[in-house]
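Working notes, structure below.
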Amino acid sequence: MMKALSILVTGAAALQLAACAAAPHGEPRSPDGLRYLSQPLVTEIYTADPSARVFDDRLYIYGSHDIDGSTVEDDLGSHFEMRDYRVLSMDRVGGPVTVHPVALDVDQVPWARRQMWAPDAARKNGRYYLYFPAKDHQDVFRIGVAVSDRPEGPFTPRPEAIRGSYSIDPGMFTDDDGATYMYFGGIWGGQLQRWTGGRYDPAAGNTDLGRPDAPAIMPRIARMRDDMLEFAEAPREVTILDEQGRPILGGDLDRRFFEAAWVHKYQGRYYLSYSTGDTHYIVYATGDSPYGPFTYRGRVLLPVQGWTNHHSIAEFRGRWYLFYHDTQLSNRTHLRNIKMTELRHNPDGTIQTIDPFVR
């Protein structure tokens, strides 16, 4: 078995990060000459799409493992060729980050063919569940689950995808009553636009509904069965409303859902955050139920370096953190690195917008 690796990315070590522009004194800078707010958590592999979870007072990050493949870049993300998962963990913020051995490889999953994109994890009754999207043998994205007795894996996959699952970006949320829900979906390469009629329709296009004045495509939610292996109900839409109580429109590119739905709970309210895709924001909406509706409130994260913007939000030892990625190490869209920074809620419950650069 591969030995787990650790790296401390803070202080002097952060100044030795490779493949990024630097100021005269060696401080890492973006190609535009801006200082980064945060530094990559690890540098020995490319990591992205962080889903942060706290298990037994240790922070675990389940994310994509980017690789440098040969596929030509396109708007459907075909060049994101990830094939396995590596879990990161740490026992304190700013401390050593462990890169665990391979948790799951596409060759272990009978139903999956390629492109193991952004995952998430949950725990119940002492077992750990890794939820992941991948394209099946018909090149349709489905969502699978793999199980382990350890948070870092290795995970054993179920032989079939979750019945009724489709698209990408599973984000798990366990409420105070113990019920666990999966939020999922992504348009463009995530294929959600091909499922609006209830079944897969490849003729539905590669982007969205093409109706900018109609309600946008919304993320999906489904409650999990008690065994965490299947849906307990048919997936349904999660409605995102504007300030006037109307659904966000497809042409509202700064606020409409694109991918990366994530839910956290703060002071009794549910916060749905997500990526706007081609406008590159992480935004959020709030509601009184895990099913929504959610009302748009503002921006969590401004555009990062690189095309994609994908995040998670978690509380660890009494503080809230935002986990995200950019392309500092490679300056290439499909080779990303995970970062984290503190997130603050205002007294009225709104979230303070984070700029990934120090300006």
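The values are calculated or read from the model by the stated rules, or taken from the named source; none is laboratory data. From a predicted model like this one, the values you see are computed outputs, not experimental measurements. Note: ideal-geometry Cβ built from the backbone for every residue, glycine included; neighbour counts use all protein chains shown. Surface areas here come from the heavy atoms of the whole protein model, side chains and all, with no ligands, DNA or RNA. Shrake-Rupley method; radii C 1.70, N 1.55, O 1.52, S 1.80 Å.
Points worth noting:
- Checked against the criteria, V102 does not count as open to solvent by 20 Å² or more (accessible area, probe 1.4 Å), within 24 Å of S273 (Cβ to Cβ) and touching a strand residue (DSSP E or B) at 6+ places or on another chain (Cβ under 6 Å).
- All positions within region 35-57 that are part of a strand (DSSP E or B), in contact with a Lys or Arg (Cβ under 9 Å, 6 or more places away or on another chain) and not hydrophobic (A, V, I, L, M, F, W, C): R35, Y36, Y46, T47, D49, P50, R53
- Any hit, region 259-267, residues being on the phi > 0 side of the Ramachandran plot, small (G, A, S) and outside any strand (DSSP E or B): no
- All positions within region 87-99 that are open to solvent by less than 10 Å² (accessible area, probe 1.4 Å) and either among the hydroxyl-bearing types (S, T, Y) or at positive phi (or both): S89
- T327 meets all of the listed conditions (1) surrounded by fewer than 24 Cβ atoms within 10 Å (Cβ to Cβ); (2) free of Cβ contacts under 8 Å to residues at least 24 places away in the same chain but one, namely (1).
- Entry remark, region 1-40: residues being aliphatic (A, V, I, L, M), at pLDDT 95 or above and open to solvent by less than 20 Å² (accessible area, probe 1.4 Å) number 0 in total.
- Just one of the listed residues (T333, T308, T295, T341) is open to solvent by less than 50 Å² (accessible area, probe 1.4 Å), over 29 Å from D91 (Cα atoms) and within 19 Å of the chain's Cα centre (by Cα), and it is T333.
- In this structure, G189 does satisfy being at pLDDT 95 or above and within 17 Å of the chain's Cα centre (by Cα).
- Filter result (of a type in the set (A, V, I, L, M, F, W, C), surrounded by 12 or more Cβ atoms within 10 Å (Cβ to Cβ) and either free of Cβ contacts under 8 Å to residues at least 60 places away in the same chain or not in a strand (DSSP E or B) (or both)) within region 226-256: M228, L229, A232, V238, I240, L241, I248, L249, L253
- Residue selection: P119 fails the criterion of being under 26 Å from R225 (Cβ atoms), open to solvent by 10 Å² or more (accessible area, probe 1.4 Å) and within 18 Å of the chain's Cα centre (by Cα).
- Among the conditions (1) more than 18 Å from the chain's Cα centre (by Cα); (2) open to solvent by 10 Å² or more (accessible area, probe 1.4 Å), the only one that E152 does not satisfy is (1).
- Subset of region 58-73 (residues that are among the basic types (K, R) and in a loop (DSSP other than H, G, I, E, B)): none
- Check on F173, under 26 Å from L76 (Cα atoms) and not hydroxyl-bearing (S, T, Y): no
- Looking at F173, F184, just one residue is closer than 30 Å to G268 by Cβ and open to solvent by 10 Å² or more (accessible area, probe 1.4 Å), and that residue is F173.
- Matching entry among V147, V140 (being β-branched (V, I, T) and either closer than 27 Å to R58 by Cβ or in contact with a Ser or Thr (Cβ under 6 Å, 6 or more places away or on another chain) (or both)): V147
- Region 283-292 - residue that is touching a Gly at 6+ places or on another chain (Cβ under 8 Å) and either outside any strand (DSSP E or B) or of a type outside the set (A, V, I, L, M) (or both) and, of those, surrounded by the fewest Cβ atoms within 10 Å (Cβ to Cβ): T286
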